[in-house]
Amino acid sequence: MRALLRSSQASLPPGAAGLRELALAMGADDAGVVSLGEPALDEQRAGILRLFPFAKSLVSFVVRMNRANIRSPARSVANLEFHHAGDECDEVARAIVRALEDKGRQAGFPSMGFPMEADNWPGKIWVISHKPIAVAAGLGHMGLHRNVIHPKFGNFILLGTVAVDVESEAPARPLETNPCLSCKLCVAACPTGAIAPDGHFDFSACYTHNYREFMGGFADWTETVAGAGNAKNYRARVRDSETVSMWQSLAFGPNYKAAYCLAVCPAGEDVIGAYRDDKKGFLETFLDPLQGKRETVYVIPGSDAESYVARRFPHKAAKRVGSGLRPTNVDNFLGFLPALFQRGQAGKLNASYHFIFTGESRRRATVVIADRKLRIIDGLAGAPDLTVTADAATWIACLRKEASLPLAMLRFKIRLRGDPRLLLAFGRCFPA
């Protein structure tokens, strides 16, 4: 069948129109094309060209997911759909590339999700960020829950991207309106409070729970195994069901713990009818089972998510775990801060911090925490409330709990100028 489709596309017109037709013929449910020169791709362009130096345009496409599976409170049912749709997404990308190669063009594609560039952990381990490309290609807009919402299929989609050596003559045409209804159902469904009504997103809360059996969560679990010492101690820390769940992810592919924000989203022409016709019935059918489900929610000790679960979902069991996110250098320490910042823990803190890193990795930065917001400035700006001067390697070792902070201060590897209590207050904003 694919050979027949490739043959039928042998005389496709060049440019965006022909590429879109090809993507649809290869199995995509919708597709768009964006030039690599578009401003929306500025942050990704250099990285894309390193991997695909021939790239002139990007074909962005969507593969629909079956809604009933994604909406199921049974995670095995939902993840079965994620896995199969993910495989289909990669198959569509591969078919597009094969068809283009058959016509003498250069093309390549990254994975829809996994595997990723693990050598770069904990930095950027993905090859291409599919979401901003899909938005630039006119396939949807980001919703409050940070997922792309397609105007027809809603957020029940997975995204793929193909880099091609074909020029796109047409400028990018993002959708004029955002399909997101701002209904806040994703806020209500999220078990960790990661999605706030005002648009704030707590990456740490989402990552720690939903990705428990991925990357960092797996790293934390292996340390739990190593630290237990024997089977009895291990069973005291990890329930048998958790061990079996980890095995399931290792054997059949990583399983999401929630993704409830996708399940309850009513946006999209194909989806909105049931919500518009009977909102009460929609909530009872799709939202209530997820909110009422008794389950373990994985949280960082002292995090906003921990207090949220206790307050909002007392019937769900909050379990304290590590995120597995550990900086390896001062650059990713500073890069992690916005993702790990806990505005609830920040409370009324209003302070400016100067960080001066010495040794092999030299860097200076200003971190300002005020009004439950975080701001990072490269270099030293303004008058600080606390100055931290630290040997970079020692600072990272302390954050990774491989060295003692008090001992490092006694040895003058880390020096403070200002009220030392502000360092404790800083730490509370970034529990790990």
Practice task
Cross-chain or 8 or more residues apart, Cα under 19 Å: how many lysine pairs in the range 243-325 fit that? Count them up, please.
Solution key: 6
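Can you pull the percent of the chain's accessible area that's carbon plus sulfur, 1.4 Å probe, other chains left in place? Present the calculation step by step, with values, prior to reporting the outcome.
On the way: 11110 of 20820 Å².
In the chain, the share of accessible area belonging to carbon and sulfur is 53 percent.
Accessible area per residue for the range 195-278 in Å², computed with a 1.4 Å probe and the full protein assembly in place, what is it?
Values: 4040 Å² over 84 residues.
On a per-residue basis, the range 195-278 sits at 48 Å².
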Exercise for the section: Could you pull out every Cys in the chain that lacks a partner Cys with its beta carbon under 4.7 Å away? Expected result: CYS89, CYS180, CYS183, CYS190, CYS206, CYS265, CYS398, CYS429
Exercise for the section: Please give every one of the lysines within straight-line cross-link reach of LYS373, meaning a C-alpha to C-alpha distance under 21 Å, and leave out same-chain neighbours fewer than 8 residues apart. Expected result: LYS348
Fill in the blank from the handout: Probe 1.4 Å, heavy atoms of protein chains only: per residue, the accessible area of the range 19-58 in Å² is 45
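Could you state the accessible area per residue of the range 67-109 in Å², with a 1.4 Å probe and every protein chain left in place?
46
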Completion exercise
Expected sort for 182-193, 323-334 on mean C-beta neighbours within 10 Å, highest first, is 182-193, 323-334
Exercise for the section: Note down the accessible area of SER352, probe 1.4 Å, to the nearest 10 Å². Expected result: 20
Handout entry: Positive dipole terminus of the chain, leading residue within TYR211, ILE133, THR161 (C-beta point charges)
Key = TYR211
Fill in the blank from the handout: Distance in Å, no decimals, from the C-alpha centre of the range 289-318 to the one of the range 156-211 is 23
Practice task
Quote the accessible area belonging to LEU422 in square angstrom, nearest 10, computed with a 1.4 Å probe and with ligands, DNA and RNA left uncounted.
Solution key: 40
Completion exercise
If unit charges are put on Cβ atoms (+1 for Lys and Arg, -1 for Asp and Glu) and the dipole of the chain is taken about its Cα centre, the option from LEU58, PRO122, SER303 lying farthest towards the positive end turns out to be SER303
Exercise for the section: Relative to the longest principal axis of the C-alpha atoms of the chain, give the angle of the C-alpha long axis of helix 15-25, reported between 0 and 90° and rounded to the nearest 10°. Expected result: 90
Exercise for the section: Starting from the Cα of LYS103, draw a straight line to each of the lysines and keep only those under 25 Å, dropping any in the same chain fewer than 8 residues away. Expected result: LYS56
Handout entry: Zero-based 20 Å bins, Cα pair distances in the chain, whole percents
Key = 23, 52, 25, 1
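Based on the mean of other Cβ atoms within 10 Å per residue, sort peptides 160-169, 109-118 so the most packed one is first.
160-169, 109-118
Can you give the FRET efficiency for ARG421 and GLU101, using 1/(1 + (r/R0)^6), R0 = 56 Å, r = Cβ-Cβ distance, to the nearest 0.05? Present the calculation step by step, with values, prior to reporting the outcome.
Numbers: r = 63 Å, r/R0 = 1.12.
Taking R0 as 56 Å, the efficiency between ARG421 and GLU101 is 0.35.
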Problem - CD proxy at 222 nm, helix term only [per DSSP H run n ≥ 4: -39500 (n - 2.57); per residue of the chain; nearest 500] - result: -11500 deg cm²/dmol
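Evaluate the charge dipole of the range 281-374 about its Cα centre and quote only its size in Debye, nearest 20, assuming +1 on the Cβ of each Lys and Arg and -1 on the Cβ of each Asp and Glu. Numbers along the way, then the final one.
Numbers: 15 positive and 8 negative charges, 46 e Å.
Approximately 220 debye in magnitude.
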Practice task
Mind putting a number on the dipole of the chain about its Cα centre? Charges go on the C-beta only, +1 for Lys and Arg and -1 for Asp and Glu, and I need it in Debye to the nearest 20.
Solution key: 1540
Fill in the blank from the handout: Order by accessible surface, 1.4 Å probe, largest leading, for residues TRP221, TRP121, TRP126, TRP395 comes to TRP126, TRP121, TRP221, TRP395
Practice task
Could you name the lysines whose alpha carbon sits less than 21 Å from that of LYS413, not counting residues in the same chain fewer than 8 places away?
Solution key: LYS401
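The values are calculated or read from the model by the stated rules, or taken from the named source; none is laboratory data. Given the structure is predicted, the values throughout are model-derived calculations rather than measurements. Note that we place each Cβ from the backbone using ideal geometry, even for glycine, and neighbour counts take in every protein chain shown. Keep in mind that these areas ignore ligands, DNA and RNA; they rest on the heavy atoms of the full protein, side chains included. Shrake-Rupley method; radii C 1.70, N 1.55, O 1.52, S 1.80 Å.
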